[in-house]
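Only one structure is covered here, and it is reproduced in the block below.
The values are calculated or read from the model by the stated rules, or taken from the named source; none is laboratory data. If you're wondering where the values come from, they're calculated on a predicted model, not measured in any experiment. Counting neighbours? That spans all protein chains shown, and the Cβs are built from the backbone with ideal geometry, glycine included. Note: areas computed on protein heavy atoms with side chains; ligands, DNA, RNA excluded. Shrake-Rupley method; radii C 1.70, N 1.55, O 1.52, S 1.80 Å.
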Amino acid sequence: MNYCEKIRYNIFSTELSDFASMADALLKQLPAGEELLRLVFFDVPPNNEVYVECFSLLKSKVKAFFGDREPVLTYVSQPSLDSGLVLEVHSYIKEESDLLEYKEMDSYPYVVLQNESGRFLFAGGFQSDVLNKSIWQQSVDTFESILKLLQLENFPINSIVRQWNYIEQITAFQGTYQNYQAFNDARGDFYVRTTWNNGYPAATGIGVSHGGILIDLDAVVFTSGSDFATPLDNKLQVAAHAYSDHVLISEQKKKVTPKFERAKSMTFGNEGVVYISGTAAIRGEESLHDAGLVKQLHITMENIDYLVSKENLVASGVPAKRSSELSMLRVYLKEKSFVDEAKKLIEGYKLSIPVSFLWADVCRDELLIEIEGIAMY
C-alpha cells in the first residue's frame with residue numbers, strides 16, 4: 001500500500017457534559033489497529049485562563065493514554081455547533097517497512113514517519129504566551145519554535161506542505177494593527193528565510209475565541225522520484241499570496257500578503273492527497289458581498305470542486321487519472337444560527353464523509369462561511 005491507502009482522517013464527537021468526561025469519552029472512541037498521528041480537540045472555554053487549564057488537562061490525559069507514543073495534540077477554541085466536544089483524528093496504517101517515531105521537543109509531542117516515499121513530519125500545538133503578548137510577538141515566538149523543530153529533524157522550512165493557523169480574534173485590532181495582518185506579517189518574515197520554488201503550503205487562517213496564536217503543520221521530504229508535492233491554483237480565484245493592497249487591512253506601512261496556496265497535492269505514483277486550504281466565497285480576490293449563507297456556501301463548494309478536479313490537477317502538472325474525492329471537511333460558520341441550514345446544504349452534496357461544523361470568525365467581515373478539507377485522487 002502507498003501513503004494514500006494508509007493515511008486516515010476521522011471525526012468523533014460526544015454529547016455535552018463536563019470537559020473531563022467528554023475528553024475521556026473521545027479517547028475511548030479512538031480507532032484500534034491504527035497509529036495515531038494527530039488529535040485536534042475543538043471546544044470553547046470562557047476565557048484564556050480556562051483555556052490553559054483545559055489544554056493542560058488534555059495533555060495529561062493524552063500522556064496517560066499513550067505513554068511514550070503521544071500523537072500531536074492541539075486544543076482549538078472553536079465550539080462544535082452540533083455536539084459537545086469534537087475530536088479530529090489523523091491516523092496511519094503502519095506496515096513492516098514503515099518507520100514511525102514518536103518524539104517530543106520542549107513539551108511538544110510530534111511524529112516522524114519514514115517510508116518508501118520519504119520522510120513525513122506531523123507537528124503542532126505550537127503556541128506562545130496566550131495571555132500577555134501581542135499577536136505579532138506571539139506569531140514570531142511560535143514560528144521560532146517551529147524553526148527549532150524543523151532544524152532538529154532536518155526538514156527545510158519549504159518542506160511544509162500544510163499549515164493550520166488559529167488566530168485569536170482574527171479580525172480584531174490591537175491599536176491600528178489587525179490581528180490577521182499581524183500574523184501575516186510575522187509569517188512573511190519567517191518564510192523569507194527560504195525560497196519557495198515549489199509553492200507555499202496549503203493553509204487555513206481562521207479565528208478562535210481564545211488561545212492566542214496556535215499552529216499545526218505537516219511537512220515532507222520526498223526521496224522517491226515518482227512522489228512529489230504540487231501547488232494548486234484556482235483559475236476562479238487570485239492566489240492569496242498575490243492579493244493587491246486594497247484587500248489587505250492594515251495601517252502599517254508593510255502589508256504582507258497571506259502566504260499560502262489554494263491547495264497542495266502530494267502525488268504517490270498514480271494516486272495522491274490534496275490538502276484544501278481554507279476556502280470561501282471569493283472570486284478573483286473579491287468577496288461575494290451582499291450574499292447570504294446559501295449562495296456563499298455554494299460558491300465555496302464550486303471553488304473547491306474546481307480546485308480538486310482532474311482538469312485543474314492535470315493543468316497544474318499532477319498526473320491524475322480522475323478528479324479528487326473529498327475525504328473530510330471542516331465547515332467554519334460565523335454565526336451559530338447558520339448550522340441547521342449549512343448541514344442541510346452540505347447533506348445535499350451526498351458526500352458520506354466526516355464533516356465538522358464549527359463556530360469561528362472568518363478573516364473578512366463579509367464572509368459568513370469558510371470550508372477546508374482533504375481529498376484523494
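Among Gly269, Gly67, Gly211, the residue with the largest mean-square fluctuation in a Gaussian network model of the chain, with springs joining Cα atoms closer than 10 Å, is Gly67. Annotation note: GluC sites (Glu not before Pro) in region 61-106 located in DSSP loop regions with a Cβ neighbour count of at most 12 within 10 Å are Glu95, Glu96. Share of carbon and sulfur in the accessible area of region 1-99 stands at 51%, probe radius 1.4 Å. Heavy atoms of the protein chains alone define the surface here; on that basis the chain has 39 Å² accessible area per residue at 1.4 Å probe size.
With an 8 Å Cα cut-off and a minimum separation of 6 or more residues, compute the relative contact order for the chain in percent. Can you show the working numbers first?
Working: 855 pairs, mean separation 61.7, N = 377.
Normalised by residue count, the contact order of the chain is 16 percent.
Quick one: with all protein chains in place, what share of the accessible area of region 262-321 is carbon or sulfur, to the nearest percent (1.4 Å probe)? Accessible surface attributable to carbon and sulfur in region 262-321 totals 49 percent.
For the pair region 310-363 and region 162-202, the centres of their Cα atoms are 23 angstrom apart.
Once you list every other residue whose beta carbon is under 10 Å from the beta carbon of Leu367, what net charge do they have if Lys and Arg are +1 and Asp and Glu are -1?
Values: positive: Lys334, Arg364; negative: Asp361, Asp365, Glu366, Glu370.
Taking every Cβ under 10 Å from that of Leu367, the sum is -2.
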